[in-house]
1. Tally the residues that are of a type outside the set (Val, Ile, Thr), in contact with a strand residue (DSSP E or B) (Cβ under 6 Å, 6 or more places away or on another chain) and crowded, with 21+ Cβ neighbours inside 10 Å, restricting the search to segment 391-409.
2. Sort out which residues of segment 97-125 are out of contact with any helix residue (DSSP H, G or I) (no Cβ under 6 Å at 6 or more places or on another chain) and open to solvent by 70 Å² or more (accessible area, probe 1.4 Å), and write them in order of number.
3. Out of 285, 281, I need the residue that is surrounded by fewer than 21 Cβ atoms within 10 Å (Cβ to Cβ) and within 22 Å of residue 177 (Cβ to Cβ). Which one?
4. Residue by residue through segment 574-621, note down the ones that are in a strand (DSSP E or B), open to solvent by 30 Å² or more (accessible area, probe 1.4 Å), under 19 Å from residue 493 (Cβ atoms) and of a type in the set (Gly, Ala, Ser).
5. Tally time: how many residues in segment 218-232 are assigned to a helix (DSSP H, G or I) and open to solvent by less than 30 Å² (accessible area, probe 1.4 Å)?
6. Among the listed residues 94, 128, identify the single one that is open to solvent by 40 Å² or more (accessible area, probe 1.4 Å), over 29 Å from residue 269 (Cα atoms) and either aliphatic (A, V, I, L, M) or not in a loop (DSSP other than H, G, I, E, B) (or both).
7. Whether any residue in segment 355-369 is over 24 Å from residue 176 (Cα atoms) and either under 22 Å from the mean Cα position of the chain (by Cα) or free of Cβ contacts under 8 Å to residues at least 12 places away in the same chain (or both) is what I want to check.
Amino acid sequence: MRYTKTLLFRRVRIFLIACMCVLVALSGRLIYIQIFSSPTLQLRASEQWYRDLPLGARRGNIFDRHGRIMVESIPTYSVFVRPVAVTDADRVTSVLSSILNLSHQKVYNRVTAKGVSEHLIKMQIEKSTAIKIIAHNLDGVFLSQTYRRVYPLGVVGGQVMGLTTIDNMGQEGLEAFYNHILRGRDGRIATPSDLRGIPRQEGVEFYFPSIPGFDLHLNVDATIQNILQTALARAFYEQRAQSVSGIVYNIQTGGIVASASAPFFDMNDQPRNNVVDLLAQIRNQPIVNVLEPGSTFKIITLAIALEEGLVQMDEKFNCPGFRMIGGERVRCWKTKGHGTQTLAEGVRNSCNAVFMDLSLRIGVDLFYEYLTRFGFGKKTGVDFYGESAGLILPKQYVRPVDIARIGFGQAIAISPIQFISAIGAVVGDGILRTPRFAQSIPQAGTTIISEQRGQRVISEQTSAQARELLVGVVEHGSGKHSRVPGFQIGGKTGTAQKYVDGIIAQGKYISSFISFLNVDGVARYAVFLYVDEPSRQGYYGSIVAAPYVGQIWAGIIEYLNLQSNPEFMPPAHMQQQVTVPQVAGLSTVNAIALLRSQGFHVQVEGDGLTAIGSFPVVGTQLLRGSPVVIRT
């Protein structure tokens, strides 16, 4: 091949262009490394030439609505060992194992470990223990500040507060939901070290302070929380139940004042070695559970019928003990029937037939429209993880017999928080509010306001009518055990059969009572309490649940120093103690007549013609007018 001058110049030009390209690429790479990659490379260098000690952030404290500390963080220390910096392994092992009460061999293995730059020996030791370690001036041993959660009130509010991990991350409850608020940001101390991790005298030590988390102030009142838990614990042991749960709700604000489930444990002595017990007892059941409400749900049916003008206050109903709907016989709980009764009497008697009539008048479409308005079938938006939306039959599959059963609290499952917020709307001002545990985050300048969800559910006039009828249940009906003389209390009892694997569990019930307290003519607070599988003797909500709600109201009234109103004092003869007589062996008719002659409110369990006993049992002292169940 002949090399011409032109070809030579062309090859030189290509070579020069290639060199220029390489030069540009290298220059670009250098520029990228110097300008864009510099922070990353500096960080990698610092990892090689510095060793970090973490500085845990103080987790925010949690306060009740009056500023009482329910959860706080106290300073502790974590102990680290850098094996390459240890000059006397035997001495370090002896001191640490002795002071920290750890296995000598395990500590020695960590102190002498090869290929590990740093070992955590123990977390969250007390300050006094840390001072003992510092006094020994051990080479290669370092301490960093951490924090530990403590609970000044012990068992009070534990299921609401929830759990944190040992490194202060929220696991359950409000600790988890508001973890981003409470957590804060950890700091660190960067100490100059060589590649092996041995500290160097030259170089600059860097200190990056931790940023503490924000404090959280709640709507929860620690005293009312204690009142609630005392009543729940009493019910749990006296009724020998699987569990007993309750919630106290501020009707006017949507604030959750108290919430708990018995049994519970001291938060300062958590059963961390038994995960099953820990997770079972830390569950805030009024938020995460669903249940068939039973007769308490009749309040919703009543409110819808009143709002739509489908029933009059003076209207009368007849109950023969059942209704035939779509060819199916649906029984009233009193199989012999209640006879002719007014609406008020039907509410006091908790007559299923009355509420079947009302639900059929309402109809499927309108009933489901109101279920949506009241928030059933969807989450309330409460500030707590694990809330359930409940279970509602799809509307297209609902038959007349189904809507009749829903009307008296069967064939529907709801969450307690969902239910109490809906009842708050019924007996309050007719507006459904979003329930809230948290009230404010002062350091962030934030107030958490309970919102109105959707439209007004019912009118104030309907609310007033519902309150009047439900006050009658406590003054003259099955809720008498919840009365507090001098105060206006309303409510509704409920008894529902339990389902296991979709099948009715024979002999297993949930007994409940939902109630509200009027203060100066305004419904201020609501309480919902339910007993899961009472096994002492009875299972009616009037006997099993209502008395404990009465204890809660008495405690709240005393705590708030509310003044009694003579207008709501029962007549003198109704304040007398009466002894439950012997009814076993009497005909059912005569047993009813005997108890009524003594002034008791009588309920009958069973279809028998002869009484076999009563609950409470013979010889029990009760106030005149109290409910007594005859077993037949």
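The values are calculated or read from the model by the stated rules, or taken from the named source; none is laboratory data. Note that the structure is predicted; figures quoted are calculated from it, not measured. Note: ideal-geometry Cβ built from the backbone for every residue, glycine included; neighbour counts use all protein chains shown. To get the accessible areas, we keep the full protein, side chains included, count just its heavy atoms, and leave off ligands, DNA and RNA. Shrake-Rupley method; radii C 1.70, N 1.55, O 1.52, S 1.80 Å.
1. So the answer is 1.
2. 98, 101, 105, 106, 109, 110, 114, 115
3. Working: 285 fails: surrounded by fewer than 21 Cβ atoms within 10 Å (Cβ to Cβ).
Selected residue: 281, the only one of 285, 281 that is surrounded by fewer than 21 Cβ atoms within 10 Å (Cβ to Cβ) and within 22 Å of residue 177 (Cβ to Cβ).
4. Of everything in segment 574-621, nothing turns out to be in a strand (DSSP E or B), open to solvent by 30 Å² or more (accessible area, probe 1.4 Å), under 19 Å from residue 493 (Cβ atoms) and of a type in the set (Gly, Ala, Ser).
5. Initially, segment 218-232 is screened for residues assigned to a helix (DSSP H, G or I), giving 222-232.
Checking which are open to solvent by less than 30 Å² (accessible area, probe 1.4 Å) leaves us with 222, 224-225, 228-229, 231-232.
Within segment 218-232, residues that are assigned to a helix (DSSP H, G or I) and open to solvent by less than 30 Å² (accessible area, probe 1.4 Å) number 7.
6. Numbers: 128 fails: over 29 Å from residue 269 (Cα atoms).
Matching residue, one of 94, 128: 94.
7. Yes, segment 355-369 contains at least one residue that is over 24 Å from residue 176 (Cα atoms) and either under 22 Å from the mean Cα position of the chain (by Cα) or free of Cβ contacts under 8 Å to residues at least 12 places away in the same chain (or both).
Let's see how each residue does on (1) under 30 Å from residue 568 (Cβ atoms); (2) touching a helix residue (DSSP H, G or I) at 6+ places or on another chain (Cβ under 6 Å):
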site: 404; (1), (2): no, yes
site: 408; (1), (2): yes, yes
site: 418; (1), (2): no, no
site: 448; (1), (2): no, no
site: 467; (1), (2): yes, yes
site: 472; (1), (2): yes, yes
